[in-house]
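The values are calculated or read from the model by the stated rules, or taken from the named source; none is laboratory data. The shown structure was predicted, so the numbers you read here are calculated from the model rather than taken from an experiment. Cβ placement follows ideal geometry from the backbone for every residue including glycine, while neighbour counts extend to all protein chains displayed.
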Amino acid sequence: MQANPIESKEIAETADQYLTFLLGDGEYGVEILKVQEIKSWGPYTPLPNSPDYLLGVINLRGAIVPIIDLRKKFSLPVVEYKSTTAIIIVHVESDEQVRVVGLVVDLVSDVYHLSQDAIQDDVDLSASLHGSYIRGLGQIDNKMVILINLEPVIASSLEGLPEGALS
């Protein structure tokens, strides 16, 4: 069975799009195909005995979704949450299961189309962030955007939690 050409074209057009957001002075991006929705900042339920970057959980239409503060995860200075603070709900596949997680960011910025030649993936940023967290650097006009590799960020954020703690 052959794929519908219209659907294939739509996937090809979105496959290299990135949702960007700000954390302090840095601009970061995630693949748009992994973004489920964007929510404004709101209340959450804290989880006892969890790492400081795992703020807690929210109820998203009946699903329990863990919330990770990327500033804390990336060891950036902590700031007070503002009206521009947002939660980007993403989904990633790991160990043959789909995880839905909320990422707390300072401000959702834009959506950019990045061709593969606009991404430098051989950059060593391991001194600033865990090396596997970075997919590469995207060149957009005269600025650089750090492209995040979501799978290891999510996996390392949720490892060690008791089985079923978030279900």
Q. Which of the residues spanning region 74-95 are over 20 Å from Ser40 (Cβ atoms) and not polar (S, T, N, Q)?
A. Phe74, Leu76, Pro77, Val92, Glu93, Asp95
(Q) Pairs needed: first member in region 33-55, more than 19 Å from Glu151 (Cα to Cα); second member anywhere, surrounded by 11 or more Cβ atoms within 10 Å (Cβ to Cβ) and among the small types (Gly, Ala, Ser); C-beta distance under 6 Å; at least 6 residues apart or different chains. (A) Tyr44/Gly56; Thr45/Gly56; Pro46/Gly56; Leu47/Gly56
Q: Can you give me the number of residues within region 49-73 that are of a type in the set (Ser, Thr, Tyr) and out of contact with any helix residue (DSSP H, G or I) (no Cβ under 7 Å at 6 or more places or on another chain)?
A: 1
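Out of the residues in region 61-87 that are touching a Lys or Arg at 6+ places or on another chain (Cβ under 8 Å) and free of Cβ contacts under 8 Å to residues at least 60 places away in the same chain, state the one that is surrounded by the most Cβ atoms within 10 Å (Cβ to Cβ). Before you say what the answer is, go through the steps one by one.
Taking region 61-87 as the starting set, the residues that turn out to be touching a Lys or Arg at 6+ places or on another chain (Cβ under 8 Å) are 77-79, 86-87.
So of that shortlist, the ones also free of Cβ contacts under 8 Å to residues at least 60 places away in the same chain come out as 77-79, 87.
Working: Pro77: 8, Val78: 10, Val79: 11, Ile87: 25.
Going through the qualifying residues, I end up with Ile87.
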Q.
All but one of (1) in contact with a strand residue (DSSP E or B) (Cβ under 6 Å, 6 or more places away or on another chain); (2) farther than 24 Å from Asn49 by Cα; (3) surrounded by 15 or more Cβ atoms within 10 Å (Cβ to Cβ); (4) modelled with pLDDT of 85 or more hold for Ser157; state the number of the condition that does not hold.
A. (2)
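Count, please, the residues in region 24-52 that happen to be under 10 Å from the mean Cα position of the chain (by Cα) and more than 22 Å from Glu159 (Cα to Cα). Reasoning before the result, please.
The first filter runs over region 24-52 and keeps only residues under 10 Å from the mean Cα position of the chain (by Cα), leaving 28-32, 34-35.
In the following step, the residues that additionally are more than 22 Å from Glu159 (Cα to Cα) were identified as 28-29, 31-32.
Going through region 24-52 one residue at a time, the tally reaches 4.
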